[in-house]
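Peer 1: One structure, pasted below without further comment.
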C-alpha cells in the first residue's frame, strides 16, 4: 500500500469509531471493538477494493450490511453449546471470554462449532476443545 493509504486508514477508522459510537450510543472504545471484530475491517486494507475512499456513513452501512448477513438465528441448544465452548476455551487458555470469542470470530471457529453442532455436542469437552484448537491452528497458517 502507498503512503497515502497507510495514513488515511487510521483517520478513517477514527471517524468511523466516532460515528459508530454516536449511531449505536456506545462508548468509543466499544465502537473500536465493533470495528476490529468485523471482517470488513480487513477489507479497508485491500488495495484493489479501495474501501478507504468511502465516506464514514457508507463504511458504517457496509459494516452493518455485513453484520446483518452474518446474523442468523440458531436454536437455544446450539447457542448454549457455543457459549459453553467459548467459556471452556477461555478457561483452558486462561484468557477472557471476550478474547476467546474474538479468536473464534477471527478464525471462523464460531461457524465451525455451530455448523458441526450435531457431531460436536455428542463428544466430551476435551475432544471438542482439541478439535476447536486444531481448527484454529489450521486457519492461522
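Rule-based calculations on the coordinates, nothing more; no lab input. Just so we're clear, the structure is a prediction, and the values are computed from it rather than from any experiment. Heads up, the Cβs are rebuilt from the backbone with ideal geometry, glycines too, and the neighbour counts pull from every protein chain shown.
Peer 1: Over 13 Å, how big is the tail of the calculated P(r) for the stretch 3-70, in percent of all Cα pairs?
Peer 2: 61 percent
Peer 1: Fewest first, what order do 101, 66 take by the number of other Cβ atoms within 10 Å?
Peer 2: So the ranking, lowest neighbour count to highest, is 66, 101.
Peer 1: Across 10 Å bins from 0, what is the distribution of all Cα-Cα pair distances for the chain, in whole percents?
Peer 2: Final binned percentages: 10, 34, 30, 20, 5, 0.
Peer 1: Let me ask you something else. Taking a ≥ b ≥ c as the square roots of the Cα gyration tensor eigenvalues, with a/c under 1.5 meaning rounded and otherwise prolate when a/b beats b/c, else oblate, which class fits the stretch 76-140?
Peer 2: rounded
Peer 1: For 107, 139, what ranking results if the residue with the fewest other Cβ atoms within 10 Å of its Cβ goes first?
Peer 2: 139, 107
Peer 1: Can you sort 62, 77 by how many other beta carbons sit within 10 Å, fewest first?
Peer 2: 77, 62
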